[in-house]
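The values are calculated or read from the model by the stated rules, or taken from the named source; none is laboratory data. Note that the structure is a prediction, hence the values are computed from the model and not measured. Note that we place each Cβ from the backbone using ideal geometry, even for glycine, and neighbour counts take in every protein chain shown.
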Amino acid sequence: MKHVSQFGLPKKRKQTLDILEKAFTEGNLDPHDYENRLDMVMQADSVEKLDLVLSDFPEQYRKESNVSTSSSSVIAPENHAKQNHNKLSLNVLAGKSLVIDNVSTSSSRIFTIIGEQKISFSDPNLQNTKSDYEVVTIVGETSVDLRNQCLEGAVIKLRMTKVVGEVNIKVLPGTIVEDRTKKILSEYTHVLKSKTWKNKIYNAFSPNREDGSQKAAGKVNCHLILEGFSILGAVNVTVYDI
């Protein structure tokens, strides 16, 4: 079986999404074409497939867009968050929610055994820092919500051990996701949940523009690194722009 290199894929995916958004905003793509291309970007498993998404764009347009978007790429921060790497949150045969609202006192090791765990982040001290968490899921489901603006400029490393279960990760546009996990009878998905173009159409024709439509969720320029291994199950990354 031929190996398909994924080197540079996360950065290229983000650049392609930025170019598509720019083309749509400027009126160069209609909503249906924009939505189809977004799906292609999220499903692409190689840089070559991402190039095909923009194959009919003028070369000069792609070059100008790449120059304008490169400045928004995530810069690796030098500061490490002050974490307690010995603190454990254990969830067995139950459902539990964990909010990382104080990185220095919150758990950095999060174990779920036959249960459901929800993890979210709200500590502004995470901005422009590096932090890492150990996430163990055995016969269960772990949800990780990375849609808070407190993660702007952050690098988050999740070291996962997943056996028979799912890890579902929610991110905003602008998040670079780097998947380094080793998979055994497991799958990885990276999809977009978008209603941006529907909102724009609604705003164009609705007299109640402020009240009747969902607000765009904005962007968070952070870098998510997934490591560890996954046996039987799935790691699902969903990008939300609503």
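Right, residue 67: farther than 22 Å from residue 178 by Cβ, outside the structural domain of residue 225 (by TED's automatic domain parsing), out of contact with any Lys or Arg (no Cβ under 6 Å at 6 or more places or on another chain) and at pLDDT below 75 or not? If you could, list the steps in order and put the result at the bottom.
Working: farther than 22 Å from residue 178 by Cβ: yes; outside the structural domain of residue 225 (by TED's automatic domain parsing): yes; out of contact with any Lys or Arg (no Cβ under 6 Å at 6 or more places or on another chain): yes; at pLDDT below 75: yes.
Yes: the conditions hold for residue 67.
The set of residues in region 16-33 being more than 21 Å from residue 189 (Cβ to Cβ) and in a helix (DSSP H, G or I) consists of 18, 19, 21, 22, 23, 24, 25, 31, 32, 33.
The strands (runs of 3 or more DSSP E) located wholly in region 164-242 that include 2 or more residues which are at pLDDT 80 or above and charged (D, E, K, R) occupy 176-179, 182-193. Taking region 82-127 as the region of interest, the strands (runs of 3 or more DSSP E) fully inside it that hold 3 or more residues being touching a Ser or Thr at 6+ places or on another chain (Cβ under 7 Å) and either farther than 25 Å from residue 219 by Cα or small (Gly, Ala, Ser) (or both) are 84-92, 107-113. Taken over region 133-181, the criterion of being touching a Leu at 6+ places or on another chain (Cβ under 7 Å) and of a type in the set (Ser, Thr, Tyr) is satisfied by 133, 175, 181. The number of residues in region 49-60 that are more than 18 Å from the chain's Cα centre (by Cα), in a helix (DSSP H, G or I) and surrounded by 19 or more Cβ atoms within 10 Å (Cβ to Cβ) comes to 1.
Within region 17-31, residues that are assigned by TED's automatic domain parsing to the domain that holds residue 50 sit with their Cβ atoms under 8 Å from residues that are modelled with pLDDT of 80 or more and surrounded by fewer than 14 Cβ atoms within 10 Å (Cβ to Cβ), at 6+ positions apart or across chains, in these pairs: 24/31. Scanning region 36-48 for residues that are in a helix (DSSP H, G or I) and either surrounded by fewer than 17 Cβ atoms within 10 Å (Cβ to Cβ) or at positive phi (or both) yields 36, 39, 40, 43, 48.
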